[in-house]
Amino acid sequence: MKKAVYPGSFDPATNGHIDIIRRSAKQVEHLVVAVLNNINKHSLLSVDERVDLLKELTSDLPNVTIKSFSGLLIDFVAIEKAEVIIRGFRAISDYEHEIQMAQMNHQLDPTIETLFLVTRNEYSFLSSSVVKEIAKFGGDVSGVVDPKTALILKRKYSESEGLK
Ligand code: ADP
């Protein structure tokens, strides 16, 4: 059994992400969910908020750890001594970007394999951006993220409304 890293922005983590975490955690000995701290990309939730939410949502999974990382994913994977990268596939639209990344990572370190899990039907159209778009306009996101995340999104967007 292997150690795997599931990287992503998780801004915020959706039920689709959690499903991938739960399913991949069953396939490996240890799973590190790696929250990207990307200084070049504006995120709604801070990296600490994203890490804390994921910790709560996976607290029942003993073989899952949540960490943040910045820089090259392949370097983080090496530091973690992991052998596998997990990614999720939703639709054909994910294909180009995901294959490019997997091939690039393989070139950088041929000992690391990227494994893809196909999303469940109900999560195929679910993305963090769609969730943020709905929350921004006051829509109900309680069916696609956990209640605490829904509350945080509501608070963030009402705070930004208040600043206008
Ligand atoms: P990134 O910015 O690295 O794409 P994301 O947080 O958007 O970070 O996604 C992380 C991974 O989770 C990606 O492999 C993405 O395809 C996958 N993913 C995102 N949403 C879903 C979903 N609804 N179902 C399955 N996989 C998903």
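Here are a few things to note about the model shown:
- Residue 92 being surrounded by 15 or more Cβ atoms within 10 Å (Cβ to Cβ), more than 9 Å from the ligand (Cβ to nearest atom) and of a type in the set (A, V, I, L, M, F, W, C): no
- Inter-residue pairs, beta-carbon under 9 Å, first closer than 14 Å to residue 74 by Cα and in region 94-106, second part of a helix (DSSP H, G or I), 6+ apart: 101/73; 104/74; 105/73; 105/74; 105/77
- Yes/no for residue 52 being of a type in the set (D, E, K, R) and within 10 Å of the ligand (Cβ to nearest atom): no
- Scanning region 81-103 for residues that are basic (Lys, Arg) and within 10 Å of residue 116 (Cβ to Cβ) returns a single hit, 87.
- Selection within region 100-135 - farther than 16 Å from residue 22 by Cβ, among the β-branched types (Val, Ile, Thr) and surrounded by 13 or more Cβ atoms within 10 Å (Cβ to Cβ): 112, 114, 130, 131, 134
- Within region 80-89, the set of residues being within 10 Å of residue 5 (Cα to Cα) and either within 13 Å of the ligand (Cβ to nearest atom) or surrounded by 14 or more Cβ atoms within 10 Å (Cβ to Cβ) (or both) comprises 80, 82, 83, 84, 85, 86, 87.
- Filter pass, residue 33 being of a type in the set (Val, Ile, Thr) and part of a helix (DSSP H, G or I): no
- Test for residue 137: is it within 13 Å of the ligand (Cβ to nearest atom) and within 19 Å of residue 12 (Cβ to Cβ): no
- Scanning region 5-44 for residues that are acidic (Asp, Glu) and within 9 Å of the ligand (Cβ to nearest atom) gives 11, 19.
- Exclusive hit being under 15 Å from the mean Cα position of the chain (by Cα), more than 17 Å from residue 6 (Cα to Cα) and outside any loop (DSSP other than H, G, I, E, B), set 158, 93, 68, 129: 129
- Any hit, region 66-79, residues being away from the ligand (no atom under 14 Å from the Cβ), under 23 Å from residue 146 (Cβ atoms) and at pLDDT 95 or above: yes
- When residues of region 8-30 are limited to those that are part of a loop (DSSP other than H, G, I, E, B) and touching a helix residue (DSSP H, G or I) at 6+ places or on another chain (Cβ under 9 Å), the one farthest from residue 151 (Cα to Cα): 9
The values are calculated or read from the model by the stated rules, or taken from the named source; none is laboratory data. The shown structure was predicted, so the numbers you read here are calculated from the model rather than taken from an experiment. All Cβ positions, glycine included, derive from the backbone under ideal geometry; neighbour counts span all protein chains shown.
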